[in-house]
Amino acid sequence: MANERFTSVWDALVDSPEEAENLRLRSKLMRVLTRTIKAWDMPQKDAARQLHVTQPRLSDLLNGKIDKFSLDALVNMLANANLEIDLVVKSKAA
């Protein structure tokens, strides 16, 4: 088996650069949400209510189950957490 080198862990996990970018963005949003929810220091049931999701859905988020979340779902949760997304699009480094 040949050794392959990847520019990111996401590139190693999926077959296309588009999928890798989607995973990278979802991961970033999930990390922000997780930090925010933990800072609330409240029971998961209450945090889930604040985010307009079920407690099991919140648990999936806090346990990093990235495959269970679309970008759209994460954006909705961020809005319900009273967070705003600021988008920057730039060229990739060579």
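The values are calculated or read from the model by the stated rules, or taken from the named source; none is laboratory data. Since this is a predicted model, take the numbers as computed values, not measurements. Here the Cβ positions follow ideal geometry from the backbone for every residue, glycine too, while neighbour counts run over all protein chains shown.
Condition (residue is surrounded by 12 or more Cβ atoms within 10 Å (Cβ to Cβ), over 15 Å from the mean Cα position of the chain (by Cα) and not hydrophobic (A, V, I, L, M, F, W, C)) applied to the stretch 56-74: is it met by at least one residue?
no
How many residues are in a loop (DSSP other than H, G, I, E, B) and under 23 Å from residue 41 (Cα atoms) if we restrict to the stretch 72-94? Talk me through it step by step, then tell me what you get.
Applying the first criterion (in a loop (DSSP other than H, G, I, E, B)) to the stretch 72-94 yields 81-94.
In the following step, the residues that additionally are under 23 Å from residue 41 (Cα atoms) were identified as 81-85.
Counting residues in the stretch 72-94 that are in a loop (DSSP other than H, G, I, E, B) and under 23 Å from residue 41 (Cα atoms) gives 5.
Return the residues of the stretch 40-68 that are β-branched (Val, Ile, Thr) and either under 26 Å from residue 21 (Cβ atoms) or in contact (Cβ under 8 Å) with a residue 40 or more places away in the chain (or both); say none if nothing qualifies.
So the first thing to find is which residues in the stretch 40-68 are β-branched (Val, Ile, Thr), and the list is 53-54, 66.
Within the stretch 40-68, 53, 66 qualify.
Find the residue count for the stretch 26-82, including only residues that are out of contact with any helix residue (DSSP H, G or I) (no Cβ under 7 Å at 6 or more places or on another chain) and polar (S, T, N, Q).
Count: 5.
Can you pull out every residue in the stretch 63-94 that is modelled with pLDDT of 95 or more and among the hydroxyl-bearing types (Ser, Thr, Tyr)?
70
Considering (1) modelled with pLDDT under 95; (2) surrounded by 13 or more Cβ atoms within 10 Å (Cβ to Cβ), say which one residue 51 fails and leave the rest.
It fails just one condition, (1).
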